Structure formats: C-alpha cells, structure tokens
1. With the condition kept exactly as written, say whether any residue in the range 60-79 is in a loop (DSSP other than H, G, I, E, B) and within 15 Å of the chain's Cα centre (by Cα).
2. What about residue 56, is it farther than 26 Å from residue 3 by Cβ, at pLDDT below 95 and surrounded by 16 or more Cβ atoms within 10 Å (Cβ to Cβ)?
3. Could you please give the count of residues in the range 98-125 that are of a type in the set (S, T, N, Q) and in contact (Cβ under 8 Å) with a residue 40 or more places away in the chain?
Amino acid sequence: MHGETADWDAVYRGYRATVDWPGARFWRQLAGHFPQAKVILTVRDSQRWYESAAESIYWAASAPAPADPVMAEMRQIVHDVVWDGEFDGRFNDAEHAIRVFNEHNEAVRREIPADRLLVFEVGQGWEPLCRFLDVPIPDEPFPHSNDRRSFTERRQLRPEE
C-alpha cells in the first residue's frame, strides 16, 4: 500500500482466490505474481456503479469510526487503499470516480491475456463463470444478495458500532 513489496505468497497462504478489495487495487501485482491465475473482471454501467457505491460502501465508510479498535484500523486501511488510494481522495467527484472506474476496467482488459480473463456481468449468472473456472454449475439460483437495497437493509439492522 505504501510502495513496499508485498509477500503475496504469505498474504494468500491458505487461500485460492481474492475478491473485490483490496485485491482489485493490486491486480497488476497479483496477476504478475500468480501468472496462472484466472482473472474475473465484473463490469456494469459506470453511472449505476457510482450511484450504488456512493449510497452503500462509500456511505458506510463515511460514517463515524467504529468504537472497536480492530474494526477502526481495518476501516482506516480500506480508506487508505480505496478512497484515498484508488480514488485519490476524490470519490465525491462523480466524474473523477467514474473515470477511474472506466480506466481500471480498460486497463484490465488491455493487460490481462484473453485466455486468463473473463469479462463478466453478474446478470449472466452461473454459466459463463463456471465454464471459465471449469467447475460444475450449482443446482441453486445465482445469488443476488449484495445489491444496494440489501446493503442498506443489513447496515440498518446492525447495532451502532
């Protein structure tokens, strides 16, 4: 995060994948360190992404700091990596944030070889994802539990931190 070299083998010891942040911030380093790893780029309309992120994860990150010191430290790391790191402290500037989002997606498409990359829209469901990962399609519906409404409902049900 601060320019030092990470020991990716130690970070991912016992794990087979990373999802979302902070892996999204370090995708180049991870793709280079794990050259056989498959990369899934989840894409969506950039304006809808911004509105959703602003009303969910950014909103939660902007709330008062949690009282629990471990949670407060974790939240500070997320703030440093995502909001100050990836978005240069300018997430409130929608035009800037959307440009960063689009540039990220284009860089992944440009730099990851096609045989390692799945450009995936969640609405496509299990089939392209499972085919790319060479795993069977589950006998259950594709989950839709991390939308904006669900996030807001979960946040409202949590006690004050």
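1. No.
2. Yes: the conditions hold for residue 56.
3. Qualifying residue count, the range 98-125: 2.
The values are calculated or read from the model by the stated rules, or taken from the named source; none is laboratory data. Keep in mind that this is a model prediction, so the values were computed, not measured. For neighbour counting, all protein chains shown are included, and Cβ atoms are generated from backbone atoms with ideal geometry for every residue, glycine included.
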